[in-house]
Amino acid sequence: MASEGRGAGRPRVLVARRVFPEVVARLQAHFEVDARDADDPLAPTALAERLQGCAGVLVAGTERIDAALLGACPGLRAVCSMAVGFNNIDVAACTAHGVLASNAPGVLTETTADFGFALMMATARRISEAEHWLRAGQWQHWSVDGFAGADVHGATLGILGMGRIGQAIARRGAFGFGMRVVYHNRRRLEAADEAALGARWLPLDELLAAADHLVIVVPYTPDTHHLVGEAEIARMKPTATLVNIARGGVVDDAALAQALRERRIAAAGLDVFEGEPAVHPGLLAVPNVVLTPHIASASLPTRRAMADLAADNLIAALTGGTPPTALNPEVLGAGMRC
Ligand code: 8YV
């Protein structure tokens, strides 16, 4: 629903999906705001139509922002996302069109790391499987190996992707649970940072073979598409668990479902899926997987902080300020579309 005009000449912005009313109110202090009240993402053509006459847009991680959309929306000058992952935004195309793009790093790091750790623990200790069994009325007696899983404390934690969130998970593992932390990242951390985290770099093959619990936190790019597929899963221990809180597409879900069915690894915990919200039917059919609907950053304070940061970026970009987390700050000033 579009808000009524509050004064001629103010830029118009679109909030592409429902966010907190307080965040919309912050934007209304600066802009004419068309704030959608729906949770479904707009399809590309509907988004382009709705953006006509808009100078900015606040998006989540779901709306596709590419050259076609930017070409169809000549008035658009700023695209501000409340997600840290920005694989939905073609930043190079934004730069070429003089459109400021921003994401929302930092504010969700600890919340997302909490969730990654929780998912790893739920997976290792078979919490979902046990709860389903209990709810189904199957609890007649205690058994010595009933739902016996793997230990987390003292185990080897493998982290694939050592950015902010990977490092926050490493701290939890090393200092909270006495885990040996090994990681793989394209860029190795400085020795001092490795020492501070108690983490050791390994080549990917060695990481896969060493991890008792593998947590995947790499950004999704063409290079990380199916980074973990059949061959990589085959390198893992049959007792290992795999957690994906990165993006659908980093793991080959079909290969993972088959490995889980054949017990080639013990279990998986997945918050993200290829083609979500669809989930590979093979994953729905196996008991040894914990499935959550892309909620790693979903604590109320963090979701609010993410939306606020996107609003900060939008306000700064369109009022001559400095957006705090711009992805292409070089377009500011003379490079930005008028
Ligand atoms: C978001 C995320 O909830 O920030 C990210 O990259 O994956 C999640 O925290 C989601 O992308 C919002 O659309």
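Overview of results
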| item | result |
| --- | --- |
| Packing-based exposure ordering (other Cβ within 10 Å, fewest first) of His141, His294 | His141, His294 |
| Bins of 5 Å, starting at 0 and running to the largest distance - Cα pair percent for the range 1-120 | 2, 11, 20, 22, 19, 12, 7, 4, 1, 0, 0 |
| Lys/Arg +1, Asp/Glu -1 at C-beta; the chain dipole; positive extreme among Ala255, Tyr220, Gly173 | Gly173 |
| Inverse mean reciprocal Cα-Cα distance (Kirkwood Rh) of the chain, Å | 21.4 |
| Net charge over other residues, Cβ less than 11 angstrom from the Cβ of Glu274 (K, R count +1; D, E count -1) | -2 |
| Estimated [θ] at 222 nm from DSSP helical runs (n ≥ 4, -39500 (n - 2.57)) normalised by residues in the chain, nearest 500 | -9000 deg cm²/dmol |
| For the chain, share of DSSP beta bridges that run antiparallel, in % to the nearest 5 | 5 |
| Convex hull volume per residue in cubic angstrom - Cα atoms of the range 109-291 | 115 |
| Packing-based exposure ordering (other Cβ within 10 Å, fewest first) of Arg77, Arg180 | Arg180, Arg77 |
| Principal semi-axes in Å for the range 244-338 [√(5λ), Cα gyration tensor, largest first] | 40, 15, 9 |
| The chain - percent relative contact order, Cα under 8 Å, separation 6 or more | 19 |
| Coarse-grained scattering of the range 10-66 at q = 0.17, 0.27, 0.31 Å⁻¹, given as base-10 log I(q)/I(0) from a Debye sum over alpha-carbon atoms | -0.49, -1.18, -1.41 |
| Proxy reagent accessibility, fewest Cβ within 10 Å first, across Leu318, Leu284, Leu100 | Leu284, Leu318, Leu100 |
| Dipole moment magnitude, nearest 20 debye, the range 109-291 about Cα centre, only Lys, Arg, Asp, Glu C-beta charged | 280 |
| Translational D in µm²/s for the range 115-195 (Stokes-Einstein at 37 °C, 0.692 mPa s, Kirkwood Rh from C-alpha pairs) | 226 |
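Since every read-out is calculated from the coordinates, none of them should be taken as a lab result. Since the model is a prediction, treat every value here as computed from it, not as a measurement. Cβ coordinates were reconstructed from backbone atoms using ideal geometry, including for glycine residues, and neighbour counts include every protein chain displayed.
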